[in-house]
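Just so it is clear, none of the values below were taken in a lab; they were calculated from the coordinates. Keep in mind that what you see is a predicted model, and the values were worked out from it rather than measured. Cβ: placed from backbone, ideal geometry, glycine included. Neighbour counts: every protein chain shown.
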Amino acid sequence: MITVEEFRAEVREWLAENLVGEYAALKGLGGPGREHEAFEERLAWNRHLAAAGLTCLGWPVEHGGRGLSVAHRVAFYEEYAKADAPDKVNHLGEELLGPTLIAFGSPEQQQRFLPRILDVTELWSQGYSEPGAGSDLANVATSAVLEGDPQASEATEKQHWIINGQKVWTSLAHWAQWCFVVARTEKGSKRHAGLSYLLVPLDQPGVEIRPIVQLTGDSEFNEVFFTDARTDADLVVGAPGDGWRVAMGTLTFERGVSTLGQQIRYARELSALVELAKSNGAADDPLIRERLTRAWAGLQTMRSYALATMDVEEPGMDNVSKLLWANWHRDLGELAMEIEGKSGLVLPGGEFDEWQRLYLFSRADTIYGGSNEIQRNIIAERVLGLPREVKG
Ligand SMILES: Cc1cc2nc3c(=O)[nH]c(=O)nc-3n(C[C@H](O)[C@H](O)[C@H](O)COP(=O)(O)OP(=O)(O)OC[C@H]3O[C@@H](n4cnc5c(N)ncnc54)[C@H](O)[C@@H]3O)c2cc1C
């Protein structure tokens, strides 16, 4: 297998040769809070990366990936961030649904969907959260019922799921063709039992996607309404009723090999903030100097933690990582506002500047992917063995 350093050199060289011309204009665009930026152009870039074999790096070779280790993938994300390459648009397919199908999907589902994730011709969204089911995901109320004739011939209708309910905060659904949906398929079932993991096409009359306007004024996520929406009977991943296990499997893939790359972006934000503090006089304030220094130290702690736990699969590790980066980034947003001072309170030209945008969007960091409170609950229960919460 190619060594990590050889692979790192390959990625660096490829990016230097390819992030040029029209693609160079995309540098730094996209990512959480900035998904609206140059979406179509970043889609083209993502396809270009895919054609060069630089996506789905950890997928097994037999499924079209490169079967590379975590260390290789970390090297990729580090080089990617150093080159300031634009954020990929296919994160949910590549990092979440693809690995889920490889682990739990049928051979037919793998053959149908994996190639289109690999070449970025179909984009995915994640239909977990509902108005009454966020942190408490087991409260899912969206229902799906099997209809039609299981013995269907050409003349009779094929069996299919009929889906009714509402999802919310569904990131990128307005650009996606498909959604992986957790739905209740056993009537009267409660909590984790009776759920199924369905693959649902979004372009159909029974699906309405309403973008939600965020604090930043942009829309990255949506409400998704299902009214007698349909999907084929065989587009259930795992057994019907076993959706909780599959849904939790997907969440384990959400863990971040991209964390170290993300930290290079954070480091860039911090050094730009240090420059701002020097140039606008904020650095004359000893408290600001102290907070900037603490931010730098926090970044080193995150890096050491991420390197030390890269290959460690122990309860609590990912939760600590999530708490570290989410709180660090939220605090950086608050510090940026203090450093900007009065100019942070106005919108010249009606547009947020980069620091205002960082401040507003980083409020979401401590919520998505599991809020701070939920991370701490998991540590309390699964690592420290403290009494479990009582749930209705
Ligand atoms: C930017 C962004 C993108 C997202 N993208 C998606 C997506 O693509 N697909 C998707 O399905 N979802 C998505 N989400 C939703 C996200 O998963 C939920 O917001 C999250 O799970 C919290 O659920 P909630 O918003 O319903 O808040 P709630 O669960 O109602 O929580 C409200 C508050 O109560 C606290 N709380 C809740 N339960 C407990 C408890 N047991 N103990 C202590 N405190 C508790 C929470 O920490 C929080 O502070 C996204 C969210 C954001 C912010």
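Taking Cβ atoms as reference points and 11 Å as the exclusive limit, the residues near residue 374 contribute a net charge of -2, counting Lys and Arg as +1 and Asp and Glu as -1. The residue list 151, 89, 74 was ranked by how far each Cα lies along the charge dipole of the range 58-160 toward its positive end, using unit charges on Cβ atoms, and 74 comes out on top. Every helix of 4 or more DSSP H residues in the chain counts as -39500 (n - 2.57), and over all residues that averages to -13000 deg cm²/dmol at 222 nm.
In this simple spin-label approximation, residue 287 and residue 158 carry label points 7 Å from Cα along the Cα→Cβ vector, and these lie 6.4 nm apart. Exposed loop sites were defined as trypsin sites (Lys or Arg not before Pro) in DSSP loop states (anything but H, G, I, E or B) carrying at most 10 other C-beta atoms within 10 Å; in the chain the longest segment without such a site runs 188-387. Which whole-angstrom value gives the distance between the alpha carbon centres of the range 104-136 and the range 12-46? Distance between centres, Cα-based: 24 Å. Anisotropy class assigned to the range 1-119 is oblate, per the alpha carbon gyration tensor with a/c at or over the 1.5 cut-off and a/b no larger than b/c.
Measuring gaps between exposed loop sites in the chain (GluC sites (Glu not before Pro); DSSP loop; at most 10 other Cβ atoms within 10 Å), the longest gap, sites not included, is 158-312. Would you list which aspartates and glutamates come within 18 Å of residue 190, measuring only between C-alpha atoms, while excluding same-chain residues fewer than 8 positions from it? Residue 190 reaches 130, 136, 242, 389. In terms of its alpha-carbon gyration tensor, the chain comes out prolate; a/c meets the 1.5 threshold, and the first ratio a/b outweighs b/c. What you get for the chain, charging only the Cβ of Lys and Arg (+1) and of Asp and Glu (-1), is a dipole of about 900 debye around the Cα centre.
Ordered by the count of other Cβ atoms within 10 Å of each Cβ, fewest first, 68, 235 give 68, 235.
Taking other residues whose beta carbon is less than 14 angstrom from the beta carbon of residue 307, and scoring Lys, Arg as +1 and Asp, Glu as -1, yields 0. Neighbours of residue 78 by Cβ distance under 14 Å: Lys/Arg scored +1, Asp/Glu scored -1, total +3.
Available extension along the chain between residue 208 and residue 145 is 20.8 nm, counting 0.36 nm per residue and deducting the alpha carbon span. Note on residue 138 and residue 304: the model spin-label points, each 7 Å out from Cα along the C-beta direction, lie 3.8 nm apart.
Checking the cross-link pairs 82/278; 88/158; 187/322 against a 28 Å limit on the alpha carbon distance flags 88/158; 187/322 as lying beyond it. How would you classify the range 128-269 from its alpha-carbon gyration tensor, with a ≥ b ≥ c the square roots of the eigenvalues: rounded for a/c under 1.5, else prolate if a/b is greater than b/c, otherwise oblate? Prolate, because a/c is 1.5 or more and a/b exceeds b/c.
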